[in-house]
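> Once you've had a glance at the structure underneath, I'll fire off some questions.
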Amino acid sequence: MKSIYAIVVASLFIAIVTIVFQLAYVLIAVEYNTLAKSFSVLNEIRGVFRYLVGIPIFILIMFFGGYIAADIARTKVLLHCLVVGLVTVGGMLWLAMENNELTLSGMVVFVLSLAATMAGGWYWLRGDTTTNA
């Protein structure tokens, strides 16, 4: 029962924080577009903005989700983190790709997200000497 609880809580954390982050991103993007009307250089770096700001924050959210899963599960930590990563990133990709194909950047984000979730569990393991992976 603790395993399911760990997976659900960590997945909900990732989903809720990601939705809040997306809302903040939309608000920032609206202001960015307003500024871009006055400063043409901002139009040139619009695509880079998403990659330099959005993806690292998403990876950080995944890391904390893995850490939460590890802290709740306390046994088979990396397995729980892998499941949390697959559930959340897989669910997000499934919702986003109804009629689209997976791009190279999408695959990179998928792999980085799984790695970040596992890294959160691994980081938790480093601090806890009484648990085995």
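> In region 114-133, how many are among the hydroxyl-bearing types (Ser, Thr, Tyr) and at pLDDT 85 or above? Don't jump to the end; show me each part of the working.
If we filter region 114-133 for residues that are among the hydroxyl-bearing types (Ser, Thr, Tyr), which is where we start, we get 117, 123, 129-131.
Remaining after also requiring at pLDDT 85 or above: 117, 123.
Of the residues in region 114-133, 2 are among the hydroxyl-bearing types (Ser, Thr, Tyr) and at pLDDT 85 or above.
> Taking region 94-113 as the region of interest, how many residues are modelled with pLDDT under 85 and either open to solvent by less than 40 Å² (accessible area, probe 1.4 Å) or not in a loop (DSSP other than H, G, I, E, B) (or both)?
Matching residues across region 94-113 total 5.
> Restricting attention to region 37-78, which residues are over 21 Å from the mean Cα position of the chain (by Cα) and β-branched (Val, Ile, Thr)?
Selection gives Val41, Ile45, Thr75.
> Okay, next question. Looking at region 1-60, which of its residues are open to solvent by 50 Å² or more (accessible area, probe 1.4 Å), free of Cβ contacts under 8 Å to residues at least 60 places away in the same chain and of a type in the set (Gly, Ala, Ser)?
Matches in region 1-60: Ser38, Ser40.
The values are calculated or read from the model by the stated rules, or taken from the named source; none is laboratory data. Just so it is clear, the structure is predicted and the values come from calculations on it, not from any experiment. Don't worry about glycine lacking a Cβ; one is built from the backbone with ideal geometry, like all the others, and counts go over all protein chains shown. All accessible areas refer to the heavy atoms of the entire protein, side chains included, with ligands and DNA or RNA removed. Shrake-Rupley method; radii C 1.70, N 1.55, O 1.52, S 1.80 Å.
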